1. Can you name the residue in the range 122-170 that is closer than 21 Å to G31 by Cβ and charged (D, E, K, R) and is also farthest from the chain's Cα centre (by Cα) among such residues?
2. Under 6 Å between Cβ atoms, which residue pairs at least 6 apart in sequence (or on different chains) link something in the range 139-154 that is under 11 Å from L126 (Cα atoms) with a partner that is small (G, A, S) and surrounded by 13 or more Cβ atoms within 10 Å (Cβ to Cβ)?
3. For the condition surrounded by 14 or more Cβ atoms within 10 Å (Cβ to Cβ) and either of a type in the set (D, E) or part of a helix (DSSP H, G or I) (or both), what is the one hit in L62, L50, L90?
4. State all residues of the range 150-167 that are of a type in the set (V, I, T) and at pLDDT below 95; if no residue qualifies, say none.
5. Checking G143 against (1) modelled with pLDDT under 95; (2) under 26 Å from L74 (Cα atoms); (3) in a loop (DSSP other than H, G, I, E, B): exactly one of these is not met. Which one?
6. Residues E85, E70: which one is in a loop (DSSP other than H, G, I, E, B), within 21 Å of D2 (Cα to Cα) and free of Cβ contacts under 8 Å to residues at least 24 places away in the same chain?
7. Please state which one of L90, L112 is under 13 Å from V164 (Cα atoms), at pLDDT 95 or above and not charged (D, E, K, R).
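The values are calculated or read from the model by the stated rules, or taken from the named source; none is laboratory data. Computed from a predicted structure; not experimentally measured. For neighbour counting, all protein chains shown are included, and Cβ atoms are generated from backbone atoms with ideal geometry for every residue, glycine included.
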Amino acid sequence: MDEIQIGPLHLDEAEAVVELAGRVWRAHYPGIISAEQIEYMLAQRYRPILVKQFIARGDIWLAARAVGLEKQVLVGFAHGHPQAEGDYKLDKLYVDLDWQRHGIGGALINALAERAAGHGYSRLVLRVNRQNQNAINAYLKHGFTVSTIYLEDIGGGHVMDDYVMTKELT
């Protein structure tokens, strides 16, 4: 198995992030949200220019890379940004389907939590679809708790029906 390294996402990896997000969403979300909502949300949130803009504004983007003898492959990523006072939002966290259940998601959460705490934030906050039980279980395993329910009309006839989950940073 290749070694996994976690570090800052590079600008030239923005296209790889969009491709990875598309593969994960199209494989994971059917049955949770409609195919139309999947494509709508991907178009809203995953364009290379948006990834580059978020990096430029100072958001934390972390890449998990499988490092072999001659290559590095993006196998996961996390994105976070400041929210309300003391809170840091874990906005995106995805791991390639072939690399799930190898501790990469947890490593990305821990790395983001360390960086957020290092900048003085006391809590990680995220939103997860209430029907996404695999993700909810993973977040619970990594110290998050359910705080509240959040419903949001995101346009196009689509609604996000989420839990807000939090994790205290020490």
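1. E152
2. none
3. L50
4. The answer is I154, V159.
5. G143 satisfies all of (1) modelled with pLDDT under 95; (2) under 26 Å from L74 (Cα atoms); (3) in a loop (DSSP other than H, G, I, E, B) except (1).
6. E70
7. L90
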